[in-house]
1. Out of the residues in the stretch 174-216 meeting the condition of being at pLDDT 90 or above and either of a type in the set (G, A, S) or in a loop (DSSP other than H, G, I, E, B) (or both), tell me which one is farthest from the chain's Cα centre (by Cα).
2. List pairs: first residue in the stretch 110-135 and open to solvent by 80 Å² or more (accessible area, probe 1.4 Å) and part of a helix (DSSP H, G or I), second residue acidic (D, E) and modelled with pLDDT of 90 or more anywhere in the structure, Cβ distance under 6 angstrom, at least six positions apart or on different chains.
3. Applying the selection to the stretch 274-297, what residues are closer than 25 Å to A52 by Cα and without any contact (Cβ under 8 Å) to a residue 24 or more places away in the chain?
4. Can you tell me which residue in the stretch 264-286 is nearest to the chain's Cα centre (by Cα), limited to those that are open to solvent by less than 20 Å² (accessible area, probe 1.4 Å) and under 18 Å from G14 (Cα atoms)?
5. Could you list all residues from the stretch 251-263 that are without any contact (Cβ under 8 Å) to a residue 12 or more places away in the chain and open to solvent by less than 70 Å² (accessible area, probe 1.4 Å)?
6. Every residue in the stretch 136-149 that is assigned to a helix (DSSP H, G or I) and not basic (K, R), please.
7. Quick check on the stretch 217-233. Is at least one of its residues among the charged types (D, E, K, R), part of a helix (DSSP H, G or I) and open to solvent by less than 50 Å² (accessible area, probe 1.4 Å)?
8. Scan the stretch 234-250 residue by residue and report those that are free of Cβ contacts under 8 Å to residues at least 24 places away in the same chain, part of a loop (DSSP other than H, G, I, E, B) and hydrophobic (A, V, I, L, M, F, W, C).
Amino acid sequence: MRPVALIAGPTASGKTALAVALGQALEKQKRRAVIINADSAQVYADLKVLSARPDDSETGGIEHRLFGEWDADDPCSAADWAARAKDEIAKCHEDGAVPILVGGTGLYLKVLIEGIAPIPDIEPEVREVVRAMETPRAYAALQIEDPHRAAMLEPGDSQRIARALEVKRSTGVTLGDWQLAKTGGLGEEVTLHPLVLMPDRNVLYRYCEERFAAMMKQGAVAEVEALIERELSPALPIMRAIGVAEIAAHLRGELTLEETIAAGTQATRRYAKRQFTWLRNQAPEDWPRVEFGSGSENIDFLGYFASLLRK
């Protein structure tokens, strides 16, 4: 079957550099490579700095796709991204290129590889009632109506609690049962060459701190200011991206610059921690994990793609 490389890892873990190195190694073999974004923030054109989207100096001459393809006012769901990613992967294979997926958005990767549950549209009345419920009340209801799903969720995870509850109430079927009927997954159509980067957390957190401070100097404030000027709905995914709320608070005069950097860094760390948890517990067990600290220059990362590079 046709190959697809996949490089996953938390934010600031070096995914982009490794994807470029792999692409260059393939092109030295006269095999074209294309890097396809799998990061939920980097899909938005309006978040170049805050999403750490690679610029021309970082692409290493390798074509990049699905970076900055969505407007801020156009929410990109996991299903939306997966559909586009499948199309881009198919185009790569038609052109004889090797697609390299790179990103840390676990839900994006899960939907692409495993497919998506064919859940019918939620009845508007049900959605309105559920979304108006306070999180503790919704969680208590979910414990009664779908105890298995409730046990999988944190009591404060308002978005996932509401989703599970509205699915059960609207369709009469639990979200878990719907997910057993997933369709459209790519997993059985390609030969996947995955690698999960798992850097030392203390090292990663230092990188997160350095990166956010650098973003503040490179135009992150202007990016958020432009978003605010558009008067976008606060419910849009882009308005919940890491750093947006913190910088918006700074622009409203609620946080000093130092407080903004501290808050943005903490938000980035929390996000990285969630990514760690997903990759460790939700990524397929047969996806190789490579753990490393500050001495990562001594690790042969490309060696994990030996079977791909031999072809």
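1. T174
2. What qualifies is R127/E166.
3. R274, T277, G295, E297 - these are the residues of the stretch 274-297 that are closer than 25 Å to A52 by Cα and without any contact (Cβ under 8 Å) to a residue 24 or more places away in the chain.
4. Checking each candidate, the answer is Q275.
5. Residues satisfying the conditions are G253, L255, T256, A262.
6. P136, A138, Y139, A140, A141, L142, Q143, I144, E145, P147, H148
7. Checked the stretch 217-233: at least one residue is among the charged types (D, E, K, R), part of a helix (DSSP H, G or I) and open to solvent by less than 50 Å² (accessible area, probe 1.4 Å).
8. A235
The values are calculated or read from the model by the stated rules, or taken from the named source; none is laboratory data. None of these values were measured; they are calculated from a predicted model. No Cβ is skipped: glycine too gets one built from the backbone with ideal geometry, and neighbour counts run over all protein chains shown. Remember, those area values only see protein heavy atoms, side chains included, never the ligands or the DNA or RNA. Shrake-Rupley method; radii C 1.70, N 1.55, O 1.52, S 1.80 Å.
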